[in-house]
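The values are calculated or read from the model by the stated rules, or taken from the named source; none is laboratory data. Quantities reported herein were computed from a predicted structural model and do not represent experimental measurements. With ideal geometry, Cβ positions are generated from the backbone for all residues, glycine too; neighbour counts draw on all protein chains shown.
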Amino acid sequence: MRLVLLGAPGSGKGTQGGLLGRRFGIPQIATGDILRAGMAAGTPLGTGARDLVNEGSLVADDVMLELITGRLGQADAASGFVLDGFPRSIPQAEGLDLILKKLGAKLDAVIKLDVPKRVLIARLTKRTSCPGCGSVYNLFSNPPAVAGKCDRCGVGLVTRVDDTEATVRKRLNVYQASTAPLIDFYDSRGLLVIVHGEGTIPDVTGAIERGIRGRVREGR
Ligand code: G5P
Ligand code: MG
């Protein structure tokens, strides 16, 4: 199964991407997580991306395409993946088409998570994340079992630098300008599945799975 999760900051790409990855036995490839891991480790990729990520701007398309070319070439992605946070612009989506063509692979579905702006802002300003495994929590709707600790790996939870209200608003504007055009891009290719993403986490997972099954049946 080859999936793309599309949606505004806070729409649930990381949360639902992790669940879908486990459900289908495929790696979740989250470009934001890869960049933050590089920032924490001080790699050239992370150092170059740090200011852009922290201020809510996009990292350059050629940098992201090089990253994703390498990642999709790894053995664990050979039979499927769920992309979370990539592509994020028309040039990235066109680049992904070329990468997949060279690999002889095709996307099965692009899931767009639809969540109203006021909910996105409320979610992100109450989010904590695990710097170890990428698990995501919400102080109100999805708290960890032990305050401040990741349920899955026990690592101390952190608040992302880009989750202040001002930076969240900037990220939402960047999403509208650069990423929202991908909705029409993938709709015109018959790949788009729109899912209402405002329910509980299990409800949204169920709606995504139904959407994927419908899309795969239609694509046969
Ligand atoms: P990221 O890391 O890709 P964003 O801004 O796209 O960051 P973000 O903030 O990670 O997206 P998300 O993954 O969509 O949001 O949402 P989430 O973390 O799963 O959930 C948000 C909150 O809602 C959590 O508290 C969660 O518990 C709750 N929640 C989730 N799902 C549900 C649900 O179904 N129901 C309910 N009730 N609650 C839910 O990118 C960061 C930066 O990296 C760079 C850019 O600088 C970017 O700003 N970057 C790239 N730059 C260029 N190109 C790319 N391809 C790039 N990728 C990353
Ligand atoms: Mg995320």
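For beta carbons closer than 7 Å, sequence separation of 6+ or different chains, a first residue in region 148-161 that is among the aliphatic types (A, V, I, L, M) and a second that is assigned to a strand (DSSP E or B), the qualifying pairs are 157/128; 157/129; 157/137; 157/149; 158/128; 158/129.
Could you say whether any residue in region 33-50 is of a type outside the set (Asp, Glu), buried (at least 19 other Cβ atoms within 10 Å of the Cβ) and in contact with an Asp or Glu (Cβ under 8 Å, 6 or more places away or on another chain)? No. Evaluating residue 194 against the criteria (1) hydrophobic (A, V, I, L, M, F, W, C); (2) away from ligand 2 (no atom under 16 Å from the Cβ); (3) out of contact with any Asp or Glu (no Cβ under 9 Å at 6 or more places or on another chain); (4) under 18 Å from residue 7 (Cβ atoms) leaves one unmet condition, (3). Residue pairs whose Cβ atoms lie under 7 Å apart, separated by 6 or more positions or on different chains, with the first residue in region 130-147 and closer than 12 Å to residue 158 by Cβ and the second aliphatic (A, V, I, L, M) and not in a loop (DSSP other than H, G, I, E, B), are 131/40; 131/158; 134/30. Of the numbered criteria (1) modelled with pLDDT of 95 or more; (2) more than 22 Å from residue 51 (Cα to Cα), the one residue 177 fails is (2). State whether one or more residues within region 6-21 are more than 16 Å from the chain's Cα centre (by Cα) and hydroxyl-bearing (Ser, Thr, Tyr). No: zero hits.
One line per residue, one yes/no per condition, for (1) within 20 Å of residue 109 (Cα to Cα); (2) in contact with a Gly (Cβ under 6 Å, 6 or more places away or on another chain); (3) more than 11 Å from ligand 1 (Cβ to nearest atom):
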residue: 2; (1), (2), (3): yes, yes, yes
residue: 6; (1), (2), (3): yes, no, no
residue: 25; (1), (2), (3): yes, no, yes
residue: 57; (1), (2), (3): no, no, no
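All of (1) modelled with pLDDT of 95 or more; (2) more than 13 Å from ligand 1 (Cβ to nearest atom) hold for residue 17 with one exception: (2).
Can you tell me which residue is surrounded by the most Cβ atoms within 10 Å (Cβ to Cβ) among those in region 131-156 that are assigned to a strand (DSSP E or B), within 16 Å of ligand 2 (Cβ to nearest atom) and of a type outside the set (A, V, I, L, M)? Going through the qualifying residues, I end up with 137. A single entry from 159, 167, 128, 179 fulfils the requirement of being touching a Phe, Trp or Tyr at 6+ places or on another chain (Cβ under 7 Å) and either more than 21 Å from residue 59 (Cα to Cα) or within 16 Å of ligand 2 (Cβ to nearest atom) (or both): 128. In region 1-109, counting only helices (runs of 4 or more DSSP H) that sit wholly within it, the ones holding 2 or more residues that are within 16 Å of ligand 2 (Cβ to nearest atom) span 13-24, 31-41, 44-55, 61-72. Among residues belonging to region 66-120 that are small (Gly, Ala, Ser) and touching a Ser or Thr at 6+ places or on another chain (Cβ under 6 Å), point out the one that is farthest from residue 180 (Cα to Cα). Checked region 66-120; the qualifying residue farthest from residue 180 (Cα to Cα) is 85.
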